[in-house]
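The values are calculated or read from the model by the stated rules, or taken from the named source; none is laboratory data. What you are looking at is a predicted structure, and each value in this text was computed from that prediction instead of being measured. When we count neighbours, we look across all protein chains shown, and the Cβ atoms used for this are built from the backbone with ideal geometry, even at glycine. For the accessible areas, the whole protein counts, side chains as well, though only heavy atoms, and no ligand, DNA or RNA atoms are used. Shrake-Rupley method; radii C 1.70, N 1.55, O 1.52, S 1.80 Å.
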Amino acid sequence: MTELLIGIFNGVSIGSVLLISALGLAIAFGLMGVINLAHGELMMLGAYTTFVVQNVFRSFGEGWFDFYILFAIPCAFLVAAAVGFGLERGVIRFLYGRPLETLLATWGVSLILQQFVRSVNWAIIFGVVIFLLKDVFRWLLLKVLAVASLDKQTVRSWLNRLTIPVALVVAGMTIVATNATQNEALTKAWFSARNVDVTAPQWLQGGIPFGTTQLPYSRIFIIVLTLICLAAMYWFLNKSNWGLRIRSVTQNREMSSCLGIPTARVDSLTFALGSGLAGIAGVAIALLGSVGPNTGQNYIVDAFMVVVVGGVGNLLGTILAALGIGIVNYLIGSGTFVTLFTSIQAPQFLLDLSIFFATTSMAKVMSFAIIIGFLQFRPAGLFPPKGRTAEL
């Protein structure tokens, strides 16, 4: 029984990671109908941000290192939110109402982000900064033309045509020129394709004794972090002005626009918020194992399953689905059922079945089979929308 309780506890901690990630997915899908396949890579960026913050605080000394995780959480949120904001403004905004193109575009972005993490160095950073400076240059030029009372419309048209290609050429030339210097400090990859390890601070190592084993502090921290995120999201969506605007646009976009709500700005804010939550989920992932370019891929499918099983736009359904999938995945994959069936001398076919599925990959197969069976009876999830909401 102790093994079962420990397995449920560990499953709840994994479900907590899925819950934070699924919240961001559910918000973006519920508001804009966008299936973001780059969501896993936003989690990965949050995990790498935790690694960078850890190294920065390690250089400050042991006293500072114990608090790095508290700084990593807002940093991961801001980094992921900024990338998500740029993704919405630069790609998704032009593909609204075209779900297949959005799906393919976000999948392409996920591949780009994976390769970016493998190859990023100072040369690439210089190129990215120069490309982003095009907007500053464009803004300054328009300001100068406004002061000189010149025809801005013609210049704006030419700027829209030439800014991006010129910026791409200049950024590419900068990267090539920097790499040509063969300066190792500028050209060496920061992370490469190898996984990196994040060390938990001293106060998150060890655990609470429980029988012959213990409940790790790091997993308790993840559960508490999830509860804080849930409370913050509930307050934001129900008490803040922008939260009310997000709910309004989710329920009826046309009517909200008629009432003066800036729906385009709401879309950007919502996508950035969901991406920021993925960054916080990345912090939790970093505490559970090593971090690599493919880290997010291990969680993204489960996060989508949480949204499907829980029902879009239902917070309680998302919570129950995340915890259920996390617990089932862990109990099957960790071999907890093997130990349990052996101790109670269960029928041999149950023991053989539990042994066959007692790996991480096979546990996912069993979980998906259970989910597919569940969706045959409740295709709209645990809590499907009812009344007028279902007709929108």
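Here are the numbers:
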quantity: Selected residue (only one of 42, 70 is of a type in the set (A, V, I, L, M), open to solvent by less than 10 Å² (accessible area, probe 1.4 Å), at pLDDT 85 or above and assigned to a helix (DSSP H, G or I)); calculated: 42
quantity: Number of positions in segment 366-380 that are closer than 14 Å to residue 304 by Cα and in contact (Cβ under 8 Å) with a residue 40 or more places away in the chain; calculated: 5
quantity: Leading residue by the ranking (farthest from residue 234 (Cα to Cα)) among those in segment 293-303 that are of a type outside the set (A, V, I, L, M) and surrounded by 21 or more Cβ atoms within 10 Å (Cβ to Cβ); calculated: 293
quantity: Residue list for segment 240-297, restricted to those being over 20 Å from residue 26 (Cβ atoms), assigned to a helix (DSSP H, G or I) and in contact (Cβ under 8 Å) with a residue 24 or more places away in the chain; calculated: 264, 286, 287, 288
quantity: The listed residue being assigned to a helix (DSSP H, G or I), in contact with an Asp or Glu (Cβ under 7 Å, 6 or more places away or on another chain) and touching a residue at least 24 places away in the same chain (Cβ under 8 Å), out of 331, 340; calculated: 340
quantity: The one condition in (1) over 20 Å from residue 278 (Cβ atoms); (2) touching a strand residue (DSSP E or B) at 6+ places or on another chain (Cβ under 9 Å) that residue 50 fails to fulfil; calculated: (1)
quantity: Among the candidates 363, 358, 321, residue that is at pLDDT 85 or above and either acidic (Asp, Glu) or touching a helix residue (DSSP H, G or I) at 6+ places or on another chain (Cβ under 8 Å) (or both); calculated: 321
quantity: Set 174, 226, 199: member being touching a helix residue (DSSP H, G or I) at 6+ places or on another chain (Cβ under 8 Å) and more than 21 Å from residue 282 (Cα to Cα); calculated: 174
quantity: Counted residues, segment 335-358 - those being open to solvent by less than 60 Å² (accessible area, probe 1.4 Å) and either on the phi < 0 side of the Ramachandran plot or in contact with a Phe, Trp or Tyr (Cβ under 6 Å, 6 or more places away or on another chain) (or both); calculated: 10
quantity: Within segment 365-382, tally of residues that are under 18 Å from residue 298 (Cα atoms) and touching a Gly at 6+ places or on another chain (Cβ under 8 Å); calculated: 0
quantity: Residue tally, condition open to solvent by less than 10 Å² (accessible area, probe 1.4 Å) and among the aliphatic types (A, V, I, L, M), over segment 45-67; calculated: 1
quantity: Residue 97, sole failed condition from (1) in a helix (DSSP H, G or I); (2) loosely packed, with under 11 Cβ neighbours inside 10 Å; (3) of a type outside the set (Phe, Trp, Tyr); calculated: (1)
quantity: Segment 363-379 - residue that is of a type outside the set (A, V, I, L, M) and assigned to a helix (DSSP H, G or I) and, of those, least open to solvent (accessible area, probe 1.4 Å); calculated: 367
quantity: Looking only at segment 178-214, and only at residues there that are free of Cβ contacts under 8 Å to residues at least 60 places away in the same chain, open to solvent by 60 Å² or more (accessible area, probe 1.4 Å) and assigned to a helix (DSSP H, G or I), the one that is nearest to residue 115 (Cα to Cα); calculated: 179
quantity: Candidate set: segment 343-362, residues that are in contact (Cβ under 8 Å) with a residue 12 or more places away in the chain and not in a helix (DSSP H, G or I); chosen: the one farthest from residue 10 (Cα to Cα); calculated: 357
quantity: Filter result for residue 161 (loosely packed, with under 13 Cβ neighbours inside 10 Å and part of a loop (DSSP other than H, G, I, E, B)); calculated: no
quantity: Residue check, residue 87 among the hydrophobic types (A, V, I, L, M, F, W, C), part of a helix (DSSP H, G or I) and within 25 Å of residue 269 (Cβ to Cβ); calculated: yes
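Results for (1) more than 17 Å from the chain's Cα centre (by Cα); (2) not charged (D, E, K, R), shown as yes or no for each residue.
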| residue | (1), (2) |
| --- | --- |
| 206 | yes, yes |
| 210 | yes, yes |
| 226 | no, yes |
| 240 | yes, yes |
| 246 | yes, yes |
| 252 | yes, yes |
| 265 | yes, no |
| 274 | no, yes |
| 289 | no, yes |
